[in-house]
Structure formats: structure tokens, C-alpha cells
Amino acid sequence: MKLSDFVGELSLEVKTCKEGLEREITGVYVSDLLSDVMANSRAGDIWITLQTHLNIVAVAGMKNLAGIIIVGGRKLPEDTRQKAEAEKIPIMTTPLPAFEAAGRMYQKLKQQE
Amino acid sequence: MPINIDKEIEGSFQIIGGNFVNAGEASTQLKLLLSKLGVDEDIIRRTAIATFEAEMNVIIYAAAGRMHYHITPRGISIKVDDMGPGIEDIELAMQEGYSTAPDWVREMGWGAGMGLPNMKKNSDIFKIDSVVGEGTTIEMVINFP
Ligand SMILES: Nc1ncnc2c1ncn2[C@@H]1O[C@H](COP(=O)(O)OP(=O)(O)OP(=O)(O)O)[C@@H](O)[C@H]1O
Ligand SMILES: [Mg+2]
């Protein structure tokens, strides 16, 4: 399944790196602690978080994550957006809270198995 | 499938304390170099985690520091030393969940107290040395398979 398959389901607004939406995603990791994401996410995961600070781009890059979904309708700061665009990390925002965003993704990914 | 390393490669990066904007630059450069050399994916992943956590700690806690790497046919040695406040109780600092990160750093998502344990878990040899008022030195070795 691709990121683009979730755009409608999660009302995603794609903020950066639109071309990254066609990458195959392998899993989802939900966390707001950056060292936890460093430790426990896997390459190809989508990362669901409420963090919007610049350093999320570095974390996603270091772990080869497929992209970041920022929940709860939070705004993406301009410096984070620019860095993500430069480093080709797809970032999307959703009005859904983390629980619901993760739940909907879980269901879709399980259906496909 | 090792690799194009028939000679030893070393180098170093400066790390500036408080510079969150460029956080991860040193670790990213090293990761790119390892990819170019054709190093095993899992070794790159472990090195990325260990070096990024060490780099972040310098940025969060110290005034300045340096990451030095040494790649040989056997593996990667990394040394990160800083001019910072040092660590009073290393055993405590090594415990998962222990953190002295201030609130504004926690708001960014740092301060889970997982960085040092992450470094240790992902390296084959991990050494930490610290002098209060002077700084902290971390040495890590990751062996090729
Ligand atoms: N380079 C350093 N200089 C001074 N103190 C440090 C340094 N590295 C770690 N420490 C101390 O050790 C504690 C634990 O570090 P560790 O990296 O494990 O967790 P953290 O940085 O607090 O949180 P996290 O890494 O999960 O974001 C820190 O809170 C800090 O008190
Ligand atoms: Mg840390």
C-alpha cells in the first residue's frame, strides 16, 4: 500500500515532497518521543506524531522513514517544511487525533493482508 | 557483503551546542559515506542511531563537541567528545528514562532518557567517560558482520 492510498481516508494535506507519496509503506509507528522513534521505528514506516519541530525531519531521514503524518490539525512550521522539502521527506497533516489516524491506517493495512 | 574498504578512512565533524537547526548533520554525513562504501544496511542503521543520539546530546547539553570516525576493514569506531557540563552520575544517566532535559527541550520530543541506552544497544563496544565541569567522551565500536 502507498501513502497516496491514505490521503482521502485521513483527510491528509500533503505539505512536502508529493512525489514521495508513491513509495510503498511497510508499517506505521506512533510516538512523540524522538529517541523512541530512533529506537523502535523501522525503515519504510509512516510516523504519526504531534511533533512539528525541525528535528523530526532529521529523525525521519536517519531512520529512512516513508513519511510523517502530523495529527490534531497542528500547523507545520515553515522551517520544518523547507527542510523536509530539501531532504525529500513527505510530511502530511491531518485534522484527526493520533488514535483515530492510527486506527484507520491499521484497519486498511490489515484488510490488505 | 563487505565492502570497498581496503584502506582505513577517518575524519571528523564539529558539533555546535544549541544548534538544533543543523542537528543530525554529522550523523547524516557519516551515514552517506557508509552507504557509498556499500556497508551492510543493518550496520548503517545501528551506526545512524548511535551517532545521532550522541550528536543530539552534544547539541542539547554541551557548548561544543566533535565526532570523530575511523572506518577499517573490521568495523567503525566513533568518538564523540564535548566541552560541556559533564555527567555527575554515569550509572544513573545510563538508566532508561533518566533525563535532565529542560522543559523546552522536552517539548521538542527529546528527553525520554533513551539516548545513551540506544547508543549502548546499537554498538558492540560502548564506553563513556565524563568529568564534571569539563566534558563527556563517548567511544563506540560497531563491527562489520
Ligand atoms: N554530552 C552530555 N553532556 C552532559 N550531560 C549529558 C550528556 N549526554 C547525556 N547527558 C545526561 O544524561 C542524561 C541521559 O541522557 P540520554 O541521552 O540517555 O537521555 P536524554 O538526552 O535526556 O533523552 P533522549 O536522549 O531520550 O532524548 C541526560 O538527560 C543528561 O543529564
Ligand atoms: Mg539524549
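At-a-glance table
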{"quantity": "Count of segment B:88-116 residues which are within 6 Å of ligand 1 (Cβ to nearest atom) and closer than 20 Å to residue A:40 by Cβ", "calculated": "10"}
{"quantity": "Subset of segment B:54-67 [more than 11 Å from ligand 2 (Cβ to nearest atom) and either exposed (fewer than 15 other Cβ atoms within 10 Å of the Cβ) or within 17 Å of residue B:117 (Cα to Cα) (or both)]", "calculated": "B:63"}
{"quantity": "Cβ-Cβ under 6 Å pairs, at least 6 apart or on other chains, segment A:32-44 side within 7 Å of chain B (Cβ to nearest Cβ), far side outside any helix (DSSP H, G or I) and β-branched (Val, Ile, Thr)", "calculated": "A:32/A:49"}
{"quantity": "Scan of segment B:106-118 for residues that are near ligand 2 (Cβ under 9 Å from one of its atoms) and either in contact with a Gly (Cβ under 7 Å, 6 or more places away or on another chain) or within 18 Å of residue B:137 (Cα to Cα) (or both), ordered by number", "calculated": "B:113, B:114, B:115, B:116, B:118"}
{"quantity": "In segment B:10-39, residue farthest from the other protein chains (Cβ to nearest Cβ) [restricted to those that are within 16 Å of ligand 1 (Cβ to nearest atom) and either of a type in the set (Val, Ile, Thr) or touching a Leu at 6+ places or on another chain (Cβ under 6 Å) (or both)]", "calculated": "B:16"}
{"quantity": "Given (1) within 13 Å of chain B (Cβ to nearest Cβ); (2) free of Cβ contacts under 8 Å to residues at least 12 places away in the same chain, index of the condition residue A:68 fails", "calculated": "(2)"}
{"quantity": "Test: residue in segment B:40-56 that is over 28 Å from residue B:135 (Cα atoms) and within 12 Å of chain A (Cβ to nearest Cβ)", "calculated": "yes"}
{"quantity": "Test result for residue B:39, within 16 Å of ligand 2 (Cβ to nearest atom) and either free of Cβ contacts under 8 Å to residues at least 40 places away in the same chain or over 18 Å from residue A:39 (Cβ atoms) (or both)", "calculated": "no"}
{"quantity": "Conditions (1) surrounded by 14 or more Cβ atoms within 10 Å (Cβ to Cβ); (2) away from chain A (no Cβ under 14 Å); (3) of a type outside the set (Lys, Arg): number failed by residue B:119", "calculated": "(2)"}
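Values quoted throughout were computed directly from the atomic coordinates according to the rules given, and no laboratory measurement underlies them. Given the structure is predicted, the values throughout are model-derived calculations rather than measurements. Every residue, glycine among them, receives a Cβ derived from its backbone with ideal geometry; neighbour counts consider all protein chains shown.
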